[in-house]
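Notes to accompany the following structure.
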Amino acid sequence: MLASLTKTTSMFRAVSLARVQGSIFRAANSSITAQRYNSTSSGGKVFEIKQSEFEEKVLESKVPTVVDFYAPWCQPCKMLAPLLSKAVEKNGQVNLVKVNIDESLELAHDYRITSLPTVMAFRDGEPVSAFIGMRPAAAIEQFVNDVVTNNTPSK
């Protein structure tokens, strides 16, 4: 009976977490939200991608994109992630792409990621701004807004 209850609880949890709404899925055994990506889609979305998807989902995107280079063991990354997500969702005109550098070493090398978290903004396939480390929520919102309005400081 305990095994049956555990299985039922796991299935309930999976069903509760698995939410299909258009193209949104939430993995039952993960806190990562994955979405089908359409480079012509509107902004305000958060994506977890692999290195092989970077060109299509960031460099070829028609929507300005903020890229969060992070690692699961990085505590400041864990603190920054919800602030970035909230700022992007609030803005609605820019997407957030999360890249786990432990799984994307070539990207980390190509973009010279030496400290975490590193956040880079891309527009028309080019990096336009970046910051390293934790920032207050207001500064993150300003960073995201600046990506849309072209008020980005130099890298």
(request) Give the share of C-alpha pairs in each 10 angstrom bin for segment 61-143, from 0 to the last occupied bin, in whole percents, shortest bins first. (result) 18, 55, 26, 0
(request) Would you mind checking which residues have amide H under 5 Å from residue 92's amide H? H placed 1.01 Å from N; only 5 or more apart, or other chain. (result) 44
(message) Shape verdict for segment 107-149, please, from the Cα gyration tensor: rounded (a/c under 1.5), prolate (a/b greater than b/c) or oblate.
(response) oblate
(request) Please give the contour-minus-distance gain from residue 115 to residue 60: 0.36 nm per residue of separation, less the Cα-Cα distance, rounded to one decimal in nm. (result) 17.2 nm
(request) Could you work out how far apart the two model spin labels at residue 42 and residue 132 are, taking each label as a point 7 Å from the Cα in the direction of the beta carbon, and quote it in nm? (result) 3.7
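Between residue 124 and residue 73, 0.36 nm times their residue separation minus their Cα-Cα distance comes to what?
15.2 nm is the gain from fully extending residue 124 to residue 73.
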(request) Would you mind calculating the gained length between residue 90 and residue 53 on full extension (0.36 nm times residue separation, minus the Cα-Cα distance), in nm to one decimal? (result) 10.8 nm
(message) List the residues, sorted by chain then number, that are 5 or more residues from residue 97 or on another chain and whose placed amide H is less than 5 Å from its amide H.
(response) 47, 66, 67, 68
(message) If you take every residue apart from residue 63 with its C-beta less than 12 Å away from the C-beta of residue 63, what net charge results, scoring Lys and Arg +1 and Asp and Glu -1?
(response) +2
(message) If amide hydrogens are placed 1.01 Å from N in the peptide plane, which non-local residues have theirs closer than 5 Å to the one on residue 130?
(response) 121
(request) Please give the per residue accessible area of segment 41-149, computed with a probe of 1.4 Å over protein heavy atoms only, in Å². (result) 47
(request) Pop out the ³J(HN,Hα) list for segment 50-58 in order, Karplus 6.51 cos²θ - 1.76 cosθ + 1.60 with θ = phi - 60°, rounded to Hz; leave Gly and Pro as x. (result) 9, 4, 5, 9, 4, 4, 5, 8, 10
(request) In nm, give the distance between the simple-model label positions of residue 145 and residue 103, each being 7 Å from the Cα along the Cα-to-Cβ direction. (result) 3.3
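The values are calculated or read from the model by the stated rules, or taken from the named source; none is laboratory data. It should be emphasised that the depicted structure is a prediction, and the values quoted were computed from it without experimental measurement. In this analysis, Cβ positions are derived from the backbone assuming ideal geometry, glycine residues included, and neighbour counts consider all displayed protein chains. Note: accessible area is taken over every heavy atom of the protein model, side chains too, but ligands, DNA and RNA are not part of it. Shrake-Rupley method; radii C 1.70, N 1.55, O 1.52, S 1.80 Å.
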